[in-house]
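To start, the structure under review is shown below, and the notes come after it.
The values are calculated or read from the model by the stated rules, or taken from the named source; none is laboratory data. Since we're looking at a predicted model, the values are computed, not measured. Reconstructed Cβ throughout: ideal geometry from the backbone, glycine too, with neighbour counts over all protein chains shown.
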Amino acid sequence: MSDIPAKPTDLSVEPKVIAAGYTGTGTNSIAKALDTLLDGPVLHGGNALYGREDEYARQWYRVLRLRKDKAKLLKLLREVTVGYVALTDVPAALFIPELLELYPDAKVVLVDRDTEKWWNSVELITKSASYPSWALRILLWPCFTWRWIPFWSREMASFIKEQHGKDVGKELKSKHNALVRASVPKKALLEMQITDGWAPLCSFLKKPVPSQPFPDEDDAEVVDAAAKNIFSMAITTWLMYIFGYGIGVVGLLYWLWTQGKI
């Protein structure tokens, strides 16, 4: 995931930019680019599982789970997005119509990518998170915030099927992009690719072009590294629990023995 600061401090701030590109189109890169151009925190997908507290990750799960209750959805969606200057990647990118209802003045950036390259990246991302749901729930249970990953994944998978059909494959990106185009006024929408660099994005947002190169990160590599880190930390946490409780049990048994109770 991106290392962009994840927690907002000024809750009067509303998102000015929504990056609606699907996972694997360069979401890490566009998040870094927006972080450079805008003054304030950027919410990039998994930041909610890295830089925020357990309750915040749970709130996003509630957003996904209550997606069919419009009133509750809008209330929750505002609570989890207010304070950020920009939003990128899923799960936010799955709620473009609703986000524009909340923030009608926001501009939308739709990053696209060659379909074959995108699909290869998505397959790698899926492979990185391919543990069975029940196993993930057990593995991540003691890890605050991260333990919501399997619940997010389940609800997002259901939501995507509702939006685009059960058997969607490579056409998922084009269907998602079509939904974005249908939801956003043309004057508020920029379509670009990461290879376009700073020019179209800066022109669209009326910002000067930075001197540094445009960010270029591989989404699949970032997710794979994050998955390995989460797995390692989860195992370590479980070992600490087992070792800690094990020592406690042994100590209790020893005390009972010294007291002649066993």
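Name the residues in region 134-159 that are buried (at least 20 other Cβ atoms within 10 Å of the Cβ) and over 19 Å from residue 90 (Cβ atoms), would you?
Correct list: 139 only.
Could we say that residue 147 is within 20 Å of residue 231 (Cα to Cα) and of a type outside the set (A, V, I, L, M, F, W, C) here?
yes
Scan region 1-18 and report the pairs whose first residue is at pLDDT 95 or above and whose second residue is basic (Lys, Arg), with Cβ atoms within less than 6 Å and a gap of 6+ or a chain change.
From residues that are at pLDDT 95 or above, the pairs are 17/107.
Taking region 170-213, which residues are over 13 Å from residue 107 (Cα atoms) and among the charged types (D, E, K, R)?
170, 171, 173, 175, 196, 207
Given the criteria farther than 30 Å from residue 144 by Cβ, modelled with pLDDT of 75 or more and surrounded by 11 or more Cβ atoms within 10 Å (Cβ to Cβ), does residue 212 qualify?
On the way: farther than 30 Å from residue 144 by Cβ: yes; modelled with pLDDT of 75 or more: yes; surrounded by 11 or more Cβ atoms within 10 Å (Cβ to Cβ): no.
Considered against the rule, which asks whether it is farther than 30 Å from residue 144 by Cβ, modelled with pLDDT of 75 or more and surrounded by 11 or more Cβ atoms within 10 Å (Cβ to Cβ), residue 212 comes out as no.
Taking residue 198 as the residue in question, decide whether it is surrounded by 16 or more Cβ atoms within 10 Å (Cβ to Cβ), under 17 Å from the mean Cα position of the chain (by Cα), at pLDDT 70 or above and aromatic (Phe, Trp, Tyr).
Details: surrounded by 16 or more Cβ atoms within 10 Å (Cβ to Cβ): yes; under 17 Å from the mean Cα position of the chain (by Cα): no; at pLDDT 70 or above: yes; aromatic (Phe, Trp, Tyr): yes.
The answer is no for residue 198.
Please enumerate the residues belonging to region 45-63 that are under 16 Å from residue 82 (Cβ atoms), modelled with pLDDT of 90 or more and not β-branched (Val, Ile, Thr).
The answer is 55, 56, 59, 60, 62.
Can you tell me which residue among 115, 81 is in contact (Cβ under 8 Å) with a residue 40 or more places away in the chain, exposed (fewer than 15 other Cβ atoms within 10 Å of the Cβ), out of contact with any Gly (no Cβ under 9 Å at 6 or more places or on another chain) and among the β-branched types (Val, Ile, Thr)?
Only one candidate passes the filter, namely 115.
What number goes with the only condition from (1) outside any helix (DSSP H, G or I); (2) out of contact with any Ser or Thr (no Cβ under 7 Å at 6 or more places or on another chain); (3) in contact (Cβ under 8 Å) with a residue 12 or more places away in the chain; (4) over 17 Å from residue 89 (Cβ atoms) that residue 192 does not pass?
Condition not satisfied by residue 192: (4).
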